[in-house]
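Below is one structure, written out as structure tokens; comments come after it.
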There are 2 protein chains.
Amino acid sequence: MRRYQERVDAALARFLPPTEQTPTQLHDAMHYAVLGGGKRIRPVLAYATAECLGANLDDVDAAACALELIHCYSLVHDDLPSMDNDDLRRGRPTCHKVYGDAMALLAGDALQCFAIEILSKGDYNEAQSSARLKMIATISSASGSTGMAGGQAIDLAAVGQHLTIEQLEQMHRLKTGALIEASITVGALAANCDAASMKPLQDYAQCIGLAFQIRDDLLDIEADTETLGKPQGSDQEQDKPTYPSLLGLSGAKNMAQQMHDHALRALQPLGDDVDPLRLLSSYIVERTH
Amino acid sequence: MRRYQERVDAALARFLPPTEQTPTQLHDAMHYAVLGGGKRIRPVLAYATAECLGANLDDVDAAACALELIHCYSLVHDDLPSMDNDDLRRGRPTCHKVYGDAMALLAGDALQCFAIEILSKGDYNEAQSSARLKMIATISSASGSTGMAGGQAIDLAAVGQHLTIEQLEQMHRLKTGALIEASITVGALAANCDAASMKPLQDYAQCIGLAFQIRDDLLDIEADTETLGKPQGSDQEQDKPTYPSLLGLSGAKNMAQQMHDHALRALQPLGDDVDPLRLLSSYIVERTH
């Protein structure tokens with residue numbers, strides 16, 4: 001994991017417009033929002049999938065960065081006062097606490113746009129263009145109103161409401177699951193993966209996407225603020241429906257374990273080549289922040 | 001113009017996810033922000049350029065819609081309380097006044113994303129993929145931190161400051177000019193325009209982009225709120241630097257006329273085929289809202 005994390009961090013620093021470039025304050029805010037740590041789970045999944053399938057990692061850098069940029073923009077907007085109004089993220093003040101609400105709004109907007117820019121710019125032959133276009137379609141449909149942004153809208157409407165487990169699952173499939181699935185898909189696209197391998201990978205992706213969210217809900221209860229880098233207990237404080245609130249602590253833990261088991265089962269047809277993906281699934285259900 | 005406006009309105013209504021689709025409130029807010037009128041100047045420029053150069057308009061619809069979706073998202077975010085805090089847009093309450101700040105933020109985010117989604121999704125042969133990718137690169141670099149969002153960041157920092165005419169011009173080249181230029185470029189890309197014709201078109205685009213902004217500044221002073229569909233005099237009230245504030249009313253009018261003259265001169269090498277673009281330049285300096 002660390003190898004992929006370091007790789008995406010280097011690529012992000014290389015791609016981002018330098019902070020000396022006008023408008024400097026906006027570029028500062030973009031750097032602050034992106035380069036301040038984070039687990040880089042989406043790029044890690046994209047790199048790991050691509051490498052398991054034999055791709056050259058140079059062909060994955062832009063997509064890995066795009067995934068992380070979309071994730072970072074969503075965090076910046078999510079933390080704004082009109083949304084979750086959070087002060088702390090990745091152990092530091094949130095972007096709007098440092099740069100003001102308006103600049104943070106613009107930084108988020110510009111990061112979303114920049115994700116697409118680095119995937120689309122450059123001189124490509126027609127075969128490469130076709131793969132790039134598919135990556136852009138994958139990432140943009142995972143981020144929009146029927147993906148991540150849609151999940152946030154459902155989340156917003158759900159505060160203080162009672163959701164069924166099915167409704168909670170649908171919300172998270174959109175809010176976090178869609179971009180995690182997209183991470184696996186773009187990794188596979190970078191490796192020119194055939195349809196026969198794509199199907200088990202997507203099943204795997206759905207399971208770990210859900211497991212990731214359940215673990216997130218558990219950590220909000222069980223970890224402390226310092227380890228999390230964001231305020232512990234904020235779901236409960238904001239009266240958000242979560243897996244532990246619906247299933248209890250042990251019920252939620254069981255469900256995460258089930259998702260991990262399903263993920264492993266989905267990978268069976270792909271043999272030993274995808275062992276790194278098996279390890280990532282373990283990491284996702286066991287992580288402590 | 002009306003033919004193109006009706007064409008893009010129909011295409012937008014066709015592309016947008018139906019309001020009955022989950023999450024319904026988010027889709028409602030997206031429809032409200034996009035389908036509430038507007039001059040559709042960017043799609044009109046893209047269609048007109050493409051048609052002058054012999055393209056089939058069916059190949060321009062997605063790009064024309066993408067340009068308008070990017071413009072609409074920027075208006076929704078610009079109107080938010082943390083930005084310009086405007087209550088009125090296109091003669092109706094602004095998006096956040098109807099749907100709340102959080103939902104308006106998400107609607108803007110989702111519209112930006114949706115612009116890219118409709119340009120990237122679909123089955124294309126490799127030549128078409130290549131053109132699509134160039135359109136996406138054009139639109140995304142015109143919208144980000146070195147384009148529209150960057151111009152807004154400069155605008156934000158400029159409130160109450162004295163700008164030179166060069167600084168004002170740089171701000172507007174980014175804030176409105178970049179996306180207007182992109183409109184001409186994607187129209188030309190849809191027509192497989194050669195480099196020899198691209199250069200005069202881009203010169204033309206730069207001139208009308210600036211003329212458009214000067215006219216906007218003049219209208220903020222000279223038109224009434226009802227005609228504008230947004231509050232008259234808001235630049236002055238917010239102490240924003242404008243062309244009339246730097247050059248006086250007649251100085252600003254002269255400059256708009258000069259830009260129109262330059263635009264016509266730029267088009268000379270392209271002959272009669274581009275007469276519709278000449279008419280659009282006149283419209284831009286003469287429009288009353």
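The values are calculated or read from the model by the stated rules, or taken from the named source; none is laboratory data. Quantities reported herein were computed from a predicted structural model and do not represent experimental measurements. Glycine also receives a Cβ, built like all others from the backbone with ideal geometry; neighbour counts cover every protein chain displayed.
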- [ ] Kindly indicate whether A:Ala55 is of a type outside the set (Lys, Arg), assigned to a loop (DSSP other than H, G, I, E, B) and surrounded by fewer than 22 Cβ atoms within 10 Å (Cβ to Cβ).
- [x] yes
Task: Set A:Pro43, A:Pro93: member being free of Cβ contacts under 8 Å to residues at least 12 places away in the same chain and more than 9 Å from every other protein chain (Cβ to nearest Cβ) - done: A:Pro93
Task: Candidates A:Gln202, A:Gln206, A:Gln213, A:Gln236 - the one that is under 19 Å from A:Asp87 (Cβ atoms) and either within 20 Å of the chain's Cα centre (by Cα) or at pLDDT below 90 (or both) - done: A:Gln236
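Looking for something under 15 Å from B:Thr49 (Cα atoms), out of contact with any strand residue (DSSP E or B) (no Cβ under 9 Å at 6 or more places or on another chain) and at pLDDT 95 or above - is there at least one such residue anywhere in the range B:245-265? Can you show your working first?
In the first step, residues of the range B:245-265 are kept if they are under 15 Å from B:Thr49 (Cα atoms); the result is B:263-264.
Checking which are out of contact with any strand residue (DSSP E or B) (no Cβ under 9 Å at 6 or more places or on another chain) leaves us with B:263-264.
Still in the list and also at pLDDT 95 or above: B:263-264.
Yes - at least one qualifying residue is present in the range B:245-265.
Scanning for something touching an Asp or Glu at 6+ places or on another chain (Cβ under 8 Å) and in a helix (DSSP H, G or I), does the range B:153-164 turn up at least one residue? Break it down stepwise before answering.
In the first step, residues of the range B:153-164 are kept if they are touching an Asp or Glu at 6+ places or on another chain (Cβ under 8 Å); the result is B:159-160.
With in a helix (DSSP H, G or I) added as a condition, the list becomes none.
No, the range B:153-164 has no match at all.
Can A:Ala50 be described as touching a Gly at 6+ places or on another chain (Cβ under 6 Å), assigned to a helix (DSSP H, G or I), more than 14 Å from every other protein chain (Cβ to nearest Cβ) and at pLDDT 95 or above?
Details: touching a Gly at 6+ places or on another chain (Cβ under 6 Å): yes; assigned to a helix (DSSP H, G or I): yes; more than 14 Å from every other protein chain (Cβ to nearest Cβ): yes; at pLDDT 95 or above: yes.
Yes: the conditions hold for A:Ala50.
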- [ ] Hey, could you check the range B:75-89 for residues that are assigned to a helix (DSSP H, G or I) and either in contact with a strand residue (DSSP E or B) (Cβ under 8 Å, 6 or more places away or on another chain) or at the interface with chain A (Cβ under 8 Å from one of its Cβ atoms) (or both) and say which is surrounded by the most Cβ atoms within 10 Å (Cβ to Cβ)?
- [x] B:His77
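Test B:Leu246 against the stated conditions and say whether it is more than 20 Å from the chain's Cα centre (by Cα), more than 23 Å from B:Pro43 (Cβ to Cβ) and surrounded by 15 or more Cβ atoms within 10 Å (Cβ to Cβ). Before you say what the answer is, go through the steps one by one.
On the way: more than 20 Å from the chain's Cα centre (by Cα): yes; more than 23 Å from B:Pro43 (Cβ to Cβ): yes; surrounded by 15 or more Cβ atoms within 10 Å (Cβ to Cβ): yes.
It is true that B:Leu246 is more than 20 Å from the chain's Cα centre (by Cα), more than 23 Å from B:Pro43 (Cβ to Cβ) and surrounded by 15 or more Cβ atoms within 10 Å (Cβ to Cβ).
Return the residue satisfying two criteria in turn: it lies in the range B:29-44 and is on the phi < 0 side of the Ramachandran plot and charged (D, E, K, R), and of such residues it is modelled with the lowest pLDDT.
We begin by selecting, within the range B:29-44, every residue on the phi < 0 side of the Ramachandran plot; these are B:29-36, B:39, B:41-44.
From the residues that got through so far, the ones that are charged (D, E, K, R) too are B:39, B:42.
Numbers: B:Lys39: 92, B:Arg42: 98.
Going through the qualifying residues, I end up with B:Lys39.
Out of the range A:96-105, which residues are more than 7 Å from every other protein chain (Cβ to nearest Cβ) and either over 11 Å from A:Tyr32 (Cα atoms) or at pLDDT below 95 (or both)?
Across the range A:96-105, the qualifying residues are A:Lys97, A:Gly100.
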Open item on the list: Here's a check for you: in the range B:142-177, which residue that is more than 9 Å from every other protein chain (Cβ to nearest Cβ) and hydroxyl-bearing (Ser, Thr, Tyr) is nearest to B:Asp79 (Cα to Cα)?
Closed with: B:Thr176
Open item on the list: Restricting to the range A:90-117, give me the number of residues that are within 20 Å of the chain's Cα centre (by Cα) and surrounded by fewer than 23 Cβ atoms within 10 Å (Cβ to Cβ).
Closed with: 3
- [ ] Within the range A:121-141, identify whether any single residue is facing another protein chain (nearest Cβ under 8 Å), surrounded by 22 or more Cβ atoms within 10 Å (Cβ to Cβ) and within 15 Å of the chain's Cα centre (by Cα), and answer yes or no.
- [x] yes
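Would you mind finding the one in A:Ala252, A:Ala256 that is without any contact (Cβ under 8 Å) to a residue 40 or more places away in the chain, closer than 18 Å to A:Met171 by Cα and of a type in the set (A, V, I, L, M)?
Working: A:Ala256 fails: without any contact (Cβ under 8 Å) to a residue 40 or more places away in the chain.
Matching residue, one of A:Ala252, A:Ala256: A:Ala252.
Do we find that A:Ile180 is at the interface with chain B (Cβ under 8 Å from one of its Cβ atoms), at pLDDT 90 or above and in contact with a helix residue (DSSP H, G or I) (Cβ under 9 Å, 6 or more places away or on another chain) in this structure? Steps first, please.
Values: at the interface with chain B (Cβ under 8 Å from one of its Cβ atoms): no; at pLDDT 90 or above: yes; in contact with a helix residue (DSSP H, G or I) (Cβ under 9 Å, 6 or more places away or on another chain): yes.
It is false that A:Ile180 is at the interface with chain B (Cβ under 8 Å from one of its Cβ atoms), at pLDDT 90 or above and in contact with a helix residue (DSSP H, G or I) (Cβ under 9 Å, 6 or more places away or on another chain).
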Task: Breaking point among (1) buried (at least 22 other Cβ atoms within 10 Å of the Cβ); (2) farther than 30 Å from A:Asn192 by Cβ, for A:Gln21 - done: (1)
Task: A:Glu20 vs. criteria more than 19 Å from A:Met148 (Cβ to Cβ), among the acidic types (Asp, Glu), out of contact with any Gly (no Cβ under 7 Å at 6 or more places or on another chain) and assigned to a loop (DSSP other than H, G, I, E, B) - done: yes
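Quick one: is A:Gly108 in contact (Cβ under 8 Å) with a residue 60 or more places away in the chain and more than 14 Å from chain B (Cβ to nearest Cβ)? Steps first, please.
Values: in contact (Cβ under 8 Å) with a residue 60 or more places away in the chain: yes; more than 14 Å from chain B (Cβ to nearest Cβ): no.
Answer is no for this residue.
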TODO: Would you please list the contacts, defined by Cβ atoms under 8 Å and residues six or more apart or on different chains, that run from a residue in the range A:153-173 that is closer than 16 Å to A:Asp235 by Cβ to a residue that is charged (D, E, K, R)?
DONE: A:Ile154/A:Lys175; A:Asp155/A:Lys175; A:Asp155/A:Lys240; A:Ala158/A:Lys240; A:Val159/A:Asp239; A:Val159/A:Lys240; A:Gly160/A:Asp239; A:Met171/A:Asp155
